[in-house]
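Worksheet: the structure to be examined is printed underneath.
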Amino acid sequence: MSGAARARLVASGRRVLVSFAAGLAMGALYWIWDLRAPAPALLGLTGLLGIGLGERAATALGARIALHRAPPPPPRAPHPADAPATAPGCTCVPSSTPR
């Protein structure tokens, strides 16, 4: 797993844990104040499922649209300084300044 993929996975896990903790805290407050939930539990969970699936679908669709809109970068022309210094007949001096 690459470093970027691992970082995304960790960030996603943190968001899930924060959301779960917030839900537990709100549930505790409802219990302490003896309040009833504004919607039946099944209806509320169905709504949350719809929100989660909608977010995933919108993210996937946006990435797919962006992928088709962006043209691929042009190929980079080889530069003489990129040739290895041990190449036969090479008289190039590698530059130390970035291009």
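Here are the numbers:
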quantity: Among (1) at pLDDT 85 or above; (2) in contact with a Ser or Thr (Cβ under 7 Å, 6 or more places away or on another chain), the one test that ARG56 misses; calculated: (2)
quantity: Any chance LEU61 is hydrophobic (A, V, I, L, M, F, W, C) and at pLDDT below 85; calculated: no
quantity: The stretch 12-25, residues that are open to solvent by less than 50 Å² (accessible area, probe 1.4 Å) and modelled with pLDDT under 85; calculated: SER12, GLY13
quantity: Residues that are outside any helix (DSSP H, G or I) and over 29 Å from the mean Cα position of the chain (by Cα), drawn from the stretch 1-45; calculated: TRP33, ASP34, LEU35, ARG36, ALA37, PRO38, ALA39, PRO40
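The values are calculated or read from the model by the stated rules, or taken from the named source; none is laboratory data. This structure is a prediction, so every number in the text was calculated from the model and none was measured. FYI the Cβ positions are ideal-geometry reconstructions off the backbone, even for glycines, and counts take in every protein chain you see. With ligands, DNA and RNA removed, areas are computed over all heavy atoms of the protein, side chains included. Shrake-Rupley method; radii C 1.70, N 1.55, O 1.52, S 1.80 Å.
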